[in-house]
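Below: the structure, in structure tokens.
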Amino acid sequence: MHTPVLGPPVLPSGSAESPVVLAPGYYVYFPVDAYMNGTVVSYSLTSNASVTTAFLTSTQLADFGSGQIFNSVTYHNGSSDSQTLWINTGSYDILIYAYDGSANATLSLTVYPNNPLGFGPLAPPEPSGIATYGITNQSGTDVPYAVTSTGVVGVAVVSALDAYNATAGSVGANPSGATLQLNSMLVVEEQGGTSQVYWCQNTPDFVTAASQVALADNVWNSSASGFLSNESITSEGGGGYVSTFQQQGATEYYYAYERSNSTYSLPLVIALFMNATAVPGTGVLVQFGAQMSNVAGTDWFDNVTIHDPSVTYAYFFTAGNYTTPTGNFYDTELVFGGEGGGESTTFTQLSAGLGLYYANGTSVSLNAFPSYFSFGQDTAESAANLAVQYLGEGRARVSVGTTDYAYLGAASGRFSLQAVESLLAPPGTNSTTLSKSSPSAGGSGVPEFPYQFAGAVILAALVSLAYLGARKFLRAPSGPRTFNRNEAHPGL
């Protein structure tokens, strides 16, 4: 079976920059929702003509639409404007008004912390399962944190699995195809203080109608300066290769490898591993592994080297106050979605328990992230009809049902792989586990990686303007909403 290539990471709402063209007397606005006091909003505007730029509450925008502006948080006339604001919880808008002839303007906007629900509720389809964004909700307030680790682990116990999408062939996917994706951002620190970012995916590909699965992985460039070629990233045994794709008019690069099909049976227990090790003078070894209930032992099915002789350290990074240079979340995901090419699928049957953790090099156990959500945002593949129930301690149950993309809750603790597998088994069934270790918390059970794990670091922080890259949100509902200044504003 030829598996369609997974879609590139999804950019946040809008593009890195939002161009608008305004006729004389017209304006456009961009909504901004703040879900915590102290939210940081930073925006800049450039235009070929003088325009009014204002940051307003939604009530103030309604006043402007009805004929005048009584007040605003900021107000500026000119061909450029740049502001950084700390705002309280509420609904706001950035207004651009062409008061002095036509204007070609470009707006860039960033908002921190990076709550994936920061611009309101999400509608299906979305990648569905369990994910962590470096955001915890404390009594209604978003508090960002960061977790670094050289290993991430996703565990699934699947007792029912069937998907169907009649139009899957349009992107080269199988109508009954689906993926379970373990996704995380890899940061590579270099000598001289520079860094590169890569998006790593361990993604078993299922053809549910035939009970077939193929282990697969991808590595994507998520750095403004990063580059992938068949010389800069290589696979042990030469199985993987680099290809190109087009995104927002630019040529981008990704690495891909896929194992041949094997047959699976239900219930299926599967554990997915990604590990990164800095090799001074050479680069970064990224290992993709899997344990499956129908295969003995751990299968390190792809060992990839990112060649970078200046490397000093490499780690998977999950953080709520930072974004990648290409504008993506630093999230870690274990989610179900379509087979590839950005496909969304519908599950006719699904019952699965999922667990998502990072690995600690001291005891080789599973560590819960501090918080979880029921959906991913970086991957392009999605599901249209999955419900997620949080079980606590980094575990969730996923089934066919009504979608609810939400913050699930906080977590803590260290667990063995066997304990997690047992806890994920469907209620009233005998669990099947992969590991042979004691199920006590803090015990062993994660397979030893060929290279030593580095320790994990958790950094809790208040909102900060020190960030690695700029996540640019430019959400204009139904496209740019442009209105005549002298006419009633629809919807206000």
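Residues GLY394, GLY413: which one is of a type outside the set (A, V, I, L, M) and closer than 24 Å to ASP205 by Cα?
One residue alone meets the criteria, GLY394.
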Looking at (1) in a loop (DSSP other than H, G, I, E, B); (2) over 13 Å from GLU339 (Cβ atoms), which is the only condition PRO175 fails? (2)
Residues of segment 73-88 satisfying the condition of being in contact (Cβ under 8 Å) with a residue 24 or more places away in the chain and either touching a Leu at 6+ places or on another chain (Cβ under 8 Å) or assigned to a strand (DSSP E or B) (or both): HIS76, ASN77, GLY78, SER79, SER80, ASP81, SER82, GLN83, THR84, LEU85, TRP86, ILE87
Of all residues in segment 121-148, count the ones that are surrounded by fewer than 20 Cβ atoms within 10 Å (Cβ to Cβ) and under 15 Å from the mean Cα position of the chain (by Cα). 2
Condition first: buried (at least 16 other Cβ atoms within 10 Å of the Cβ) and in contact with a Gly (Cβ under 6 Å, 6 or more places away or on another chain). Can you find one or more residues in segment 400-410 that meet it? no
Residues THR305, THR323, THR332, THR312: which one is within 23 Å of SER382 (Cα to Cα), modelled with pLDDT of 95 or more and among the hydroxyl-bearing types (Ser, Thr, Tyr)? THR332
Of the conditions (1) small (Gly, Ala, Ser); (2) assigned to a loop (DSSP other than H, G, I, E, B); (3) at pLDDT below 95, SER108 clears all except one; give me its number. (2)
Of the residues in segment 181-218, those that are outside any strand (DSSP E or B), surrounded by fewer than 24 Cβ atoms within 10 Å (Cβ to Cβ) and of a type in the set (Val, Ile, Thr) come to THR194
Segment 111-147, residues that are of a type outside the set (A, V, I, L, M), closer than 19 Å to SER412 by Cα and at pLDDT 80 or above: GLY129, THR132, TYR133, GLY134, THR136, ASN137, ASP142, PRO144, TYR145
Here are some conditions: (1) at pLDDT below 95; (2) farther than 17 Å from PRO121 by Cα. GLN377 meets all but one. Which one does it not meet? (2)
Restricting attention to segment 134-167, report how many residues are without any contact (Cβ under 8 Å) to a residue 24 or more places away in the chain and either within 20 Å of PRO427 (Cα to Cα) or polar (S, T, N, Q) (or both). 3
Tell me yes or no: at least one residue of segment 234-249 is closer than 23 Å to TYR358 by Cβ and not acidic (Asp, Glu). no
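To keep it simple, each residue is scored yes or no on (1) out of contact with any His (no Cβ under 9 Å at 6 or more places or on another chain); (2) under 30 Å from ASN115 (Cα atoms).
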| residue | (1), (2) |
| --- | --- |
| THR282 | no, no |
| LEU285 | yes, no |
| MET292 | yes, no |
| VAL304 | yes, no |
| VAL311 | yes, no |
| ALA314 | yes, yes |
| THR324 | yes, yes |
Filter segment 380-396 for residues that are crowded, with 23+ Cβ neighbours inside 10 Å and within 19 Å of PRO125 (Cα to Cα) and give the result. GLU381, SER382, ALA383, LEU386, VAL388, ALA396
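Does TYR313 satisfy being surrounded by fewer than 20 Cβ atoms within 10 Å (Cβ to Cβ), among the hydroxyl-bearing types (Ser, Thr, Tyr) and farther than 18 Å from VAL157 by Cα?
yes
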Filter segment 321-351 down to the residues that are part of a strand (DSSP E or B) and small (Gly, Ala, Ser), then identify the one that is surrounded by the fewest Cβ atoms within 10 Å (Cβ to Cβ). SER351
Let me confirm something: among GLY337, GLY341, GLY289, which residue is assigned by TED's automatic domain parsing to the domain that holds ALA209, at positive phi and not aliphatic (A, V, I, L, M)? GLY341
Quick one: in segment 238-259, of everything that is outside any strand (DSSP E or B) and free of Cβ contacts under 8 Å to residues at least 60 places away in the same chain, which residue is nearest to VAL153 (Cα to Cα)? ARG259
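Per-residue answers, yes or no, for (1) touching a Lys or Arg at 6+ places or on another chain (Cβ under 9 Å); (2) part of a strand (DSSP E or B); (3) among the hydroxyl-bearing types (Ser, Thr, Tyr); (4) in the same structural domain as LEU366 (by TED's automatic domain parsing):
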site	(1), (2), (3), (4)
GLN389	yes, yes, no, yes
ARG397	no, yes, no, yes
ASP404	no, no, no, yes
SER412	no, no, yes, yes
VAL420	yes, no, no, yes
LEU423	yes, no, no, yes
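The values are calculated or read from the model by the stated rules, or taken from the named source; none is laboratory data. Nothing here was measured: the structure is a model prediction, and the numbers come from that model. Because the Cβ atoms are built from the backbone with ideal geometry, glycine has one as well, and the counts that use them run over all protein chains shown.
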